[in-house]
Amino acid sequence: MAQAGGGRGGAGRATTELEAQVAGAQRRSLFVSLGTLLSTAALVLGLLALSAAYTGASDTTSVPWIVTLMAAAAAMGLLCVVQLRLWNLSWRRWLEGVATERVERISWVLHVVSYAVVVVGILAGIAASHDVGFAGGVSNWATLALVPLIAAQVLGAVNFVRRDGPPGTIPTHLRRLFARIERARHED
């Protein structure tokens, strides 16, 4: 964090930069909050799939897969809630001038864990649908639960705490690649 220096221009610039960082952190917190809501929607859809599994005319072996899908949705919600708490803690610490390296490291680890959680959820949803022959209520609800689960990961869990720039997601990498290609074209 930049401290107020000897000149008035340096202090004003540092304050403006800090305000921009805090405003960016608060915007990212909104995305993480949305991710939390989406993981809740995935959990509700998982409950509907479980209900369909128990109310169907025949026995189904999809119940363990549905429970796994619901556990992944709950874990994703927990990851989003923790990321939100870490974002809120970080921007407050930035305003106070306190270091946030440890918070940033924890947040980054949680973002990596979210990839494993979403893959487990996707595989469980597909397996539940497969066990019922990709037809009926179980398959429909399990498949629908995947949409908010993936969206929760993309919007919420991958937004790890950092002072500057967007997260290292695939769209960001593609934008950087395209910008690099454009720069190379103009240099030639």
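The values are calculated or read from the model by the stated rules, or taken from the named source; none is laboratory data. Worth saying up front: this structure is predicted, and the values here are computed from it rather than measured. In this analysis, Cβ positions are derived from the backbone assuming ideal geometry, glycine residues included, and neighbour counts consider all displayed protein chains. Side chains are part of the model used for accessible areas, which takes the heavy atoms of the whole protein and leaves out ligands, DNA and RNA. Shrake-Rupley method; radii C 1.70, N 1.55, O 1.52, S 1.80 Å.
Worth a mention:
- In the chain, helical runs assigned H by DSSP with n ≥ 4 each contribute -39500 (n - 2.57); averaged across all residues and rounded to the nearest 500, the mean residue ellipticity at 222 nm is -28500 deg cm²/dmol.
- Pair ALA135, LEU177: separation of 7 Å Cα→Cβ label points (nm): 4.0 nm
- Rolling a 1.4 Å probe over the protein heavy atoms gives segment 27-187 an accessible area of 55 Å² per residue.
- Against the main long axis of the alpha-carbon atoms of the chain, helix 101-131 sits at an angle near 20°.
- Accessible surface of the chain [probe 1.4 Å, protein heavy atoms]: carbon and sulfur percent: 66 percent
- Nearest-ten-degree value, helix 136-152 long axis tilted from longest Cα axis of the chain: 10 degrees
- Of the peptides 177-187, 68-78, 41-51, 27-37, the ranking by mean beta-carbon count within 10 Å, highest at the top, reads 68-78, 41-51, 27-37, 177-187.
- To the nearest ten degrees, helix 170-187 and the longest principal axis of the Cα atoms of the chain are 50 degrees apart.
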